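This report refers to the structure that appears directly beneath it.
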Amino acid sequence: MSETVRADEELVELLEDFFAREVTPDLVDATERAGTLPTALWGRAEAVQIPWIGIEEEHGGVGGTFADVVALVHHAAYRATPLPLLEHHLAATLLARAGLGHVQGPLTVAGISQHDGVPAVVDGALRGQIPVVPWAADVTAVVVLTRDEQGHDVVALVHRDAFAVEPSTDLAGTPVPTVVLDGSPVAVGQMGGGVEAFLRYAEVLRCSALAGLQRRLCDLTSGYVTERHQFGKPVGSFQAVQIHTVTLAQAATMSMLSVDRAAGAVASGVGELEVAATSVVVGQNAVRAAAAAHQAHGAIGMTREYPLQQVTRRIHAIRQLWSSLAAAEEAVGRTSLAAPRLSELVARHPEEGLQSA
């Protein structure tokens, strides 16, 4: 059975302070309007080594546990941080696992979401298009999880000068251009550690981002319904509004707990059921939380001047980019059916995994 894992307390304090100080709603809005990476913010993040948390020192990082990375993604999402911190970490992790060395960031990643139609590596080159690659126009390189002509899982490192982009943005205003590859040679390494294990690792981080956004919705709404008055008293005192605030608190708490459990399972070497179940729980809660927050705020939540829409648009953008809720629900079913006994499904040692009957 998985256990929750905890990030370093001093690191969590650093992350909370940094994002609270550096990432304001005005900065998020200005970045969306500009449509480019805020290089000054990235530079300040790099100055305190934030993008390299969880990457081993021999691969150019500063070390740290998986729990530390989960905390990084969570706190960045809480402030709707307009930086490719999740994508950069996944890209750097792939480079390390494939033995492709250290590349100065920012980096982004392709080949891990349902929308990535990724061409195979043929004769050491990539040719074709990869749609919806976050921040691709502004990064040092794109790291692509794909296959070679023999069908082996490989990682391809594509530097910025080796591809063109066709601009596009997602619902959150994040640049998600299509990467156009003309067959230029790329650095290629064999994928280490297994693709399925890596995808579970990535999925936990995606869920951590959604959990961070849900916690932000809860805090924004709680503050608003306390400060906003109607008929001489706070709107939060009305039962119809309290239903929404309770829904938000439940969703945020349940999502954060689920992410902690899934992270513990992945760190222990298992996680098939835990990650799939967390994807379902967090995905369902994200939809409920976004609706409840807008219901409690009323019309002001839709305005550009109020930060609620920055959070809810990111929730929907993340859900659109990554695997669907239906796919996660199917994964729970497949994993459950693969276990010969219920006891082995819910309580097992890390080295056992799920054994077929």
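Scanning residues 5 or more positions from V154 or on other chains, those with amide H under 5 Å from its amide H are T146, R147, D148, M191, with H placed 1.01 Å from N in the peptide plane. A simple rule links phi to the HN-Hα coupling: the Karplus curve 6.51 cos²θ - 1.76 cosθ + 1.60 with θ = phi - 60°, which for region 28-38 gives 4, 5, 5, 5, 4, 5, 6, x, 9, 5, x Hz, with x for Gly and Pro. Between L199 and R334, the contour length at 0.36 nm per residue exceeds the Cα-Cα span by 47.0 nm.
Other residues whose C-beta falls under 15 angstrom from the C-beta of V282 contribute a net charge of +4, scoring Lys and Arg +1 and Asp and Glu -1. 3J(HN,Hα) along region 51-62: x, 9, 5, x, 9, 4, 4, 5, 10, x, x, 10 Hz, from the Karplus curve 6.51 cos²θ - 1.76 cosθ + 1.60 with θ = phi - 60°, whole Hz, x for Gly and Pro.
What angle do you read, to the nearest 10 degrees and between 0 and 90, between the alpha-carbon axis of helix 9-22 and the longest principal axis of the chain? Helix 9-22 sits at roughly 70 degrees to that axis. Here H102 sits with roughly 80 square angstrom of accessible surface, probe radius 1.4 Å.
Residues whose amide H comes within less than 5 Å of that of S168, counting only those at least five positions distant or on another chain, are V176, T178 (H built at 1.01 Å from N in the peptide plane). Taking other residues whose beta carbon is less than 9 angstrom from the beta carbon of G63, and scoring Lys, Arg as +1 and Asp, Glu as -1, yields -3.
Under the rule of -39500 (n - 2.57) per DSSP H run of 4 or more residues, summed and divided by the residues of the chain, what mean residue ellipticity at 222 nm is obtained, to the nearest 500 deg cm²/dmol?
That calculation yields -17000 deg cm²/dmol at 222 nm.
List residues of region 106-140, by number, whose backbone nitrogen lies under 12 Å from a label position 7 Å along Cα→C-beta of E46. Counting backbone N atoms under 12 Å from the label point, the list is 106-107, 139-140.
Of all the C-alpha pairs in region 232-357, what % are more than 23 Å from each other? The partial results should precede the final answer.
On the way: 3537 of 7875 pairs.
When all Cα pairs of region 232-357 are counted, 45 percent exceed 23 Å.
Round to a whole number: what % of the accessible area of the chain belongs to carbon and sulfur, probe 1.4 Å?
Values: 8290 of 15570 Å².
Accessible surface attributable to carbon and sulfur in the chain totals 53 percent.
Using the Cα coordinates of the chain, the gyration tensor eigenvalues translate into equivalent-ellipsoid semi-axes of 33, 26, 18 Å, sorted from longest to shortest.
For region 200-274, what is the convex hull volume of the alpha-carbon atoms per residue, in Å³?
On the way: hull volume 5.1 nm³, N = 75.
It comes to 68 Å³ per residue, whole-number rounded.
The HN-Hα couplings worked out from phi for region 223-233 by the Karplus form 6.51 cos²θ - 1.76 cosθ + 1.60 (θ = phi - 60°) are x, 5, 6, 7, 7, 7, 10, 9, 6, x, 8 Hz, whole numbers, x standing for Gly and Pro. Semi-axis lengths, largest first, of the ellipsoid equivalent to region 121-235 are 42, 19, 9 Å, with √(5λ) applied to each eigenvalue of the Cα gyration tensor. Within the shell defined by Cβ-Cβ distances under 14 Å, the residues around E22 carry a net charge of -1, with Lys and Arg each +1 and Asp and Glu each -1.
By how many nm would the segment from L257 to A327 lengthen if fully extended, with 0.36 nm per residue of separation less the alpha-carbon distance? Extending this stretch completely gives an extra 23.1 nm.
Taking 7 Å steps out from each Cα toward its Cβ at V165 and E16 produces label points 3.4 nm apart. Spin-label pair Q190-E57: with each label point 7 Å from Cα along the Cα-Cβ axis, the two points sit 2.9 nm from one another.
Looking at the chain, the DSSP beta bridges with both ends there are about 85 percent antiparallel. Between F238 and R288, the simple spin-label model (points 7 angstrom out along Cα→Cβ) gives 2.3 nm.
The values are calculated or read from the model by the stated rules, or taken from the named source; none is laboratory data. Since the structure is predicted, the reported quantities are computational estimates derived from the model, not experimental observations. We place every Cβ from the backbone using ideal geometry, glycine too, and count neighbours over all the protein chains shown. Side chains included, ligands, DNA and RNA excluded: accessible areas come from the protein's heavy atoms. Shrake-Rupley method; radii C 1.70, N 1.55, O 1.52, S 1.80 Å.
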